[in-house]
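Okay, so here's the structure we're looking at.
Where a number appears in this text, it was derived from the coordinates with a stated rule and is not lab data. Note that this is a predicted model, so its numbers are computed, not measured. As a convention, Cβ positions derive from the backbone with ideal geometry for all residues, glycine included, and neighbour counts pool all protein chains shown.
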Amino acid sequence: MPEQTAPDRALPADAALRARAVRVIPGGLWGHMNAARLPASFPQYFGRSEGCRLWDADGNEYIDFMCAYGPVVLGYRDAEVEAAVAARLAKGDIFNGPAPELVELAEALVDTVAHADWAMFQKNGTDATTACVTLARAGTGRRKVLVAKGAYHGAAPWCTPSLVGVTAEDRAHIAEFAYNDIASLQTAAEAAEGELAGVIVSAFRHDARRDQESPAPEFARAVRALCDRTGAALILDDVRAGFRIDIRGSWEPLGVRPDLSAWSKAIANGHPLAAVTGTDRFREAAQSTFMTGSFWCGAAAMAAALVTLRRLRDTDAIQHMKTMGERLREGLAAQARAHGVALRQTGPAQMPMLLFDDDPDLAKGDSFVKEALARGVYLHPWHNMFLSAAHRPEDIDLALEATDAALRETARRFS
């Protein structure tokens, strides 16, 4: 039996905020940022950030490998991004109509994203994926949409992983296939019986609590061929991976272009924005379908996105994130070997997943991330992580000092 873990740290400011929150917020918090799903030592509340560093509400500093669950791609509080936001806010953000940044950003996306003939904007990834599904149905006049089993495409009734409050009718025209399984894809398509509106796929398989999986080139080509043959829309959910794998689109290295793509997270370096890009085939559907939101034309986030896209396009930021991820991955692999720990590392190096062998209840993973956290490194035990352009070699090396001690302690505890 493994030994009990060390007592959790005292976080008095965090604890006080949690106690206040539970009285006025159902459950204290909701969704993927609820720290109740993490080991007890993890803070819920944070006070400030800079570069690749976070400080919690109690003042503890961490080298962060979650990047706010992905939106921060250049680094927290990037000076150039924040200057653009401040300049836009000095003039105003929300008006009776959009600011010029709306057109400028749409032009930038069309110039950047390989498949894009047009762009439209929202606020959240769920907005964007839901819009893509709606446009696929509007453009084809059909109802059925194929999704990979276990994939996460947002928190709307058609796709949320929770079935609480969801009716059978919400999912009546959603059918599942297995990611990277061409036969499964074909079977699901055949069952759609001429009603196939679209196939939505993640840039790579990034389901929680399991090894990540890159798209096989033959699978990506099979999805494209199926959509071409049936007239369905190929929808690429690039919300999570977008602008961290390839600036032109995450399936561009595979030579496969979607008809519609959903974007969010890294698009504006932490400012609230999402986008849909599409081909001319779906332009009429996009202009005839009523989609709107009170804050969808907010100009400050678009100003942030213009800087973010330019920097990602014109610098080595994406390659830098990959290089830093590989440095982390190689260091962790060497440490795991040295301590006799079976550690699996999957997914793109810039969006790594860490899981342990023989760890069905994730006790080893919890132990490891708690030990790393106590040494100033914020990792996640079962969700893919994120690197940013602000991670430097010295940050990775400092983090590896902490993970070495954390792996040593985990190996001792579970020996």
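Of all DSSP bridge pairs formed entirely within the chain, close to 55 percent run antiparallel. Of the Cα atoms belonging to the chain, the radius of gyration and Dmax stand at 21.7, 64 Å. A cut-off under 14 angstrom between Cβ atoms defines the neighbours of Ala305, and their net charge, with Lys, Arg +1 and Asp, Glu -1, is -2.
The long axis of helix 182-191 is offset from the longest Cα principal axis of the chain by roughly 50 degrees.
Which value, in debye to the nearest 20, gives the size of the charge dipole of the chain about its Cα centre, when Lys and Arg are +1 and Asp and Glu are -1 at the Cβ?
440 debye
Compute the Cα gyration tensor for segment 1-76, then decide on rounded, prolate or oblate, letting a ≥ b ≥ c be the square roots of its eigenvalues: rounded whenever a/c is under 1.5, prolate when a/b is larger than b/c in the other cases, and oblate in all that remain. Judged from the Cα gyration tensor, segment 1-76 comes out oblate (a/c at least 1.5, b/c at or above a/b). Take the chain and mark each of the GluC sites (Glu not before Pro) that is in a DSSP loop with at most 11 other Cβ atoms within 10 Å; the longest unmarked stretch, sites excluded, is 194-415.
If the chain linking Glu190 and Glu394 were pulled fully straight, counting 0.36 nm for each residue of separation and taking away their Cα-Cα distance, it would gain 68.2 nm. Each peptide among 142-149, 33-40 gets the average number of other Cβ atoms lying within 10 Å of its residues, and from highest to lowest they stand as 142-149, 33-40. The stretch between Asp280 and Arg310, if pulled fully straight at 0.36 nm per residue, gains 8.4 nm over its current Cα-Cα span. Taking Cα atoms only, the orientation of helix 217-230 departs from the longest principal axis of the chain by about 30 degrees.
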